[in-house]
Amino acid sequence: MTTKARTSTAPVLGTRALGRATLARQLLLRRASMSAEAAVAHLVGLQAQNVKPPYYALAARLEGFTPDDLSGPMAERRTARLVTLRSTIHTHTADDCLTLRPLVQAARDRELGNFRKGLVGVDLDRLAVLARELVEAEPRTMGELREALLAEWPGADPQALSVAARCRLPLVQVTPRGLWGRSGQVRLTTAEHWLGRPARPAPAPDDTVLRYLAAFGPASVKDMQTWAGLTRLRDAFERLRPRLVTFRSVDGTELFDLPDAPRPDPDTPAPPRFLPEFDNLLLSHADRARVVPPAYKGRTWKKNQAYRVLLVDGFVAGLWKPADDALVVEPFDRLTGTSRDEVVAEGERMLATMHPDAAYGVRFGTVRG
């Protein structure tokens, strides 16, 4: 049977059904009783361009979470921050640092092609060896690493040299960077050196497909390629097809899923949730309508900066930000009395979790910048 024929006979999952299924996998329909480390593994990492978002992401998903629950594993080197999916910084478990990065290495190598004009005459293999020696001797800032590489290749573009080091090596941000309530420059060393064990060979993508579906499904091939920043994953899905079930979206796209994964009733209640900027819920599908209503598309971003997002009834419904005296919430549309009360209660719970010593309240206003 052709793919087109299979898709035409597969059951249809509407937008709400897709959204509820994904929210269940994302631990956002009800908070989960699991450790922060287990949640980071289940979610296949947390987007972490900034220090705080992974903490807010887990506060929205885990019962009884406190910031120390993530800071502890990070200080103990059981989790770490490095560039993986979509060429962005993620917080991963130590195991995933050493397996997911090899999986996406080909994409990092292709990324270097954008900087080839600044790397004329640079021996990239030698650069990787020299950069590894430098950062394993002691963690370096990117500026320090760049200066050392410029001494070897003075005619190269400084930024291109930095990108080359980041692309060729799995560079983790060492603590105290990434710890809640702590500050520190970004200093880098290799994942192998920081975690005390070698990287594993690049795995076949099949296991990662299954993990992606467990955390983000049901999903299309293109959805996973968007999440991972990879191409040519169709073959992996086809190999796994006998182990998967298929559906189709309202526009006819074929969707794959794990047979026993949760697919709640579309009318299952979805409590309000406060999500950080760059939360992977909003970045991991080619078609984001399952959580972003078409009317609000583009309202969670300004240029390259993402806003913090409020979910109501399982969909993006506004923005939020911490101010000096309150948690400020900006709904995109008028909330019902019940929804407004639920948003306030969730905001107060989040404040008590993340800022227990602050006398913040929740107020409604305008969130910008």
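Each value in this text was obtained by applying a stated rule to the coordinates, not by laboratory testing. Nothing here was measured: the structure is a model prediction, and the numbers come from that model. Methodologically, a virtual Cβ is constructed for each residue, glycine included, from the backbone with ideal geometry; neighbour enumeration extends over all protein chains shown.
Estimated from the Cβ-Cβ distance and a Förster radius of 45 angstrom, the FRET efficiency linking ALA75 and THR9 is about 0.30. Under 5 Å between amide hydrogens, built in the peptide plane, is the criterion, and for THR79 it picks out MET74, ALA94 among residues at least 5 positions away or on other chains.
Based on alpha-carbon positions alone, could you give the equivalent ellipsoid semi-axes of segment 138-199 from the gyration tensor, as √(5λ), descending, whole Å? Write out the running numbers ahead of the final one.
Values: eigenvalues 107, 44, 15 Å².
Rounded to whole Å, the semi-axes are 23, 15, 9.
Solvent-free Debye calculation, one equal scatterer per alpha-carbon of the chain: log10 I(q)/I(0) at 0.06, 0.08, 0.12, 0.14 Å⁻¹ equals -0.24, -0.44, -0.96, -1.23.
Could you give the length gained on full extension between THR336 and ARG232, defined as 0.36 nm per residue of separation minus the Cα-Cα distance, in nm? Mind dumping the intermediate values first?
Values: separation 104, 0.36 × 104 = 37.44 nm, distance 4.51 nm.
Net length gain for the segment: 32.9 nm.
Spin-label model, ASP95 to THR366: label points 7 Å out along the Cα-to-beta-carbon direction sit 4.9 nm apart.
Give me the number: length gained by fully extending GLU144 to GLN185, i.e. 0.36 nm times residue separation minus the C-alpha to C-alpha distance, one decimal in nm.
Details: separation 41, 0.36 × 41 = 14.76 nm, distance 1.17 nm.
Answer, rounded to one decimal: 13.6 nm.
Any idea what the relative contact order of the chain is, in percent, if you count C-alpha pairs under 8 Å spaced at least 6 apart? Don't jump to the answer; show the numbers that get you there.
Details: 632 pairs, mean separation 76.7, N = 369.
Worked out over the chain, it gives 21 percent.
Taking only DSSP H segments of four or more residues, each worth -39500 (n - 2.57), what value at 222 nm results for the chain once the sum is divided by all its residues, to the nearest 500 deg cm²/dmol? Please report the intermediate quantities before stating the final value.
On the way: 15 runs with 142 residues, N = 369.
-11000 deg cm²/dmol, from helical runs alone.
Residue by residue, segment 199-207 carries 3J(HN,Hα) couplings of 5, 8, x, 4, x, 5, x, 4, 4 Hz when phi is fed to the Karplus relation 6.51 cos²θ - 1.76 cosθ + 1.60 (θ = phi - 60°); x denotes Gly or Pro. Segment 325-347 and segment 164-186 have Cα centres lying 35 Å from one another.
Net length available on complete extension from ASP324 to LEU112 is 72.2 nm, with 0.36 nm assigned per residue and the Cα-Cα distance removed.
For a straight C-alpha distance cut-off of 16 angstrom, the aspartates and glutamates reachable from LYS303 (same-chain residues fewer than eight places away being disregarded) are GLU277. Using amide H atoms built 1.01 Å from N in the peptide plane, name the residues 5+ places from ALA32, or on other chains, whose amide H lies under 5 Å from its own. Those qualifying (amide H under 5 Å, at least 5 residues apart or on another chain) are LEU62, GLU63.
Within the listed set ASN280, ASN304, ASN50, the residue fluctuating most in the Gaussian network model of the chain (springs between alpha-carbon atoms under 10 angstrom) is ASN304. Rounded to the nearest whole Hz, the Karplus-based 3J(HN,Hα) values (6.51 cos²θ - 1.76 cosθ + 1.60, θ = phi - 60°) of segment 255-265 follow the sequence 10, 9, 7, 6, x, 9, 6, x, 9, x, 4, with x at glycine and proline.
Close amide H pairs (under 5 Å, H built 1.01 Å from N) link VAL362 with LEU327, residues at least 5 positions away or on another chain. Across all directions, the average projected area of the convex hull around the alpha carbons of segment 30-80 is 3.2 nm².
What is the local net charge at VAL186, summed over the other residues whose Cβ is closer than 12 Å to its Cβ (Lys, Arg +1; Asp, Glu -1)? Its environment carries a net charge of +4.
Which residue, PRO272, PRO259, PRO158, tops the fluctuation ranking in a GNM of the chain built on C-alpha contacts under 10 Å? With Cα springs under 10 Å in the chain, the top fluctuation among PRO272, PRO259, PRO158 is at PRO259.
To the nearest 0.05, how large is the calculated FRET efficiency for ALA204 and GLU348 if R₀ is 41 Å and r is the Cβ-Cβ distance?
Numbers: r = 46 Å, r/R0 = 1.13.
For ALA204 and GLU348, the calculated efficiency is 0.35.
Once both labels are positioned 7 Å from their Cα atoms along Cα-to-Cβ, the gap between ALA286 and ASP313 label points is 2.9 nm.
Contact order, relative form, for segment 248-369: 23 percent (alpha carbon pairs under 8 Å, 6 or more residues apart, mean separation divided by residue count). Scalar couplings 3J(HN,Hα) for segment 51-66, obtained by applying the Karplus form with A = 6.51, B = -1.76, C = 1.60 to θ = phi - 60°, are 6, 7, x, x, 5, 5, 4, 6, 4, 6, 10, 10, 6, x, 5, 10 Hz; x denotes Gly and Pro.
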